[in-house]
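The values are calculated or read from the model by the stated rules, or taken from the named source; none is laboratory data. In this text, all values refer to a predicted model and were calculated from it rather than measured experimentally. Don't worry about glycine lacking a Cβ; one is built from the backbone with ideal geometry, like all the others, and counts go over all protein chains shown. Ligands, DNA and RNA are excluded from the accessible area calculation, which covers all protein heavy atoms including side chains. Shrake-Rupley method; radii C 1.70, N 1.55, O 1.52, S 1.80 Å.
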Amino acid sequence: MLAVVAVAFVVGVAVLAVHGALAQGGGGDRPADKFIVKTAEKLGISTDELTMAMSNAQFDLIDEAVASGKLTQDEAAKLKERVNEYGPLSVLGLRHRKDGAVCRGAKLVVGAAAGVLQMDRADIVSALKSGQSLAEIAQSKGMGVDDFKAALLQSVKSKLDAKVTDGTITQEQSDRAYSAILGKIDEIVQFKGGSDGAPCHRWRAGEKEASPTATS
């Protein structure tokens, strides 16, 4: 049973990667909800039983992250609140670590930065992997940090607006994503990349198109 649930978590990550965690806030037709229903059917248990088991597993992982110093109690409480509100799969795209807020939406931010700086995404990712920050990349292009932050936020907002227009996300999801990035904009542009220090795999593998998470 536990082995099957473990596999369910792995497959769940793939499902959310395909559909994008930003789509999670849309009610009963959410890909995560459908995945849980189908998995419960295959296991021969109720959706509630599977959801409870997966939620408890997430809570255990969060508690372990607190015990190891990777999360504060406040950060853990927010993650648990998210699990309770949106389901156990809602935090799979969020690393159980303090720098998770920088991770969220890396693909969206890198894409926006590429537009602002008129660079290829791959070149920006390469620069980040070499240890540069987005602020340093902007300065190398002759752009001041404050001007870059303003332009980056405008570009992010435009990309989110486009997703709302084409129905990929709701306005509420867009507002939530933008607020999350706005609140971390200084940390985001000043974060120095590098293969070891990167806050999540999306900085290192940003050349690949991967949907942003709910707070991207």
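Hey, can you tell me all the residues within the stretch 31-55 that are of a type in the set (Val, Ile, Thr) and not in a loop (DSSP other than H, G, I, E, B)? Selection gives Ile36, Val37, Thr39, Thr47, Thr51. Would you be able to tell me the number of residues in the stretch 124-144 that are over 13 Å from Val189 (Cβ atoms) and open to solvent by less than 10 Å² (accessible area, probe 1.4 Å)? Within the stretch 124-144, residues that are over 13 Å from Val189 (Cβ atoms) and open to solvent by less than 10 Å² (accessible area, probe 1.4 Å) number 1. Which of the residues spanning the stretch 101-155 are in a helix (DSSP H, G or I) and of a type in the set (S, T, N, Q)? Within the stretch 101-155, Ser126, Gln139, Ser140, Gln154, Ser155 qualify. Based on this model, can you work out whether Ala214 counts as modelled with pLDDT under 85, in contact with a Leu (Cβ under 6 Å, 6 or more places away or on another chain), open to solvent by less than 50 Å² (accessible area, probe 1.4 Å) and farther than 22 Å from Asp120 by Cβ? Yes: the conditions hold for Ala214. Considering only residues that are surrounded by 17 or more Cβ atoms within 10 Å (Cβ to Cβ), hydrophobic (A, V, I, L, M, F, W, C) and at pLDDT 90 or above, which ones fall in the stretch 154-181? Passing the criteria: Val156, Leu160. Scanning the stretch 65-92 for residues that are in contact (Cβ under 8 Å) with a residue 24 or more places away in the chain, open to solvent by 30 Å² or more (accessible area, probe 1.4 Å) and under 21 Å from Met52 (Cβ atoms) yields Asn84, Tyr86, Leu92.
Test Val18 against the criterion of being among the hydrophobic types (A, V, I, L, M, F, W, C), surrounded by fewer than 20 Cβ atoms within 10 Å (Cβ to Cβ), part of a helix (DSSP H, G or I) and at pLDDT below 55, and give yes or no. So Val18 fits the description; yes.
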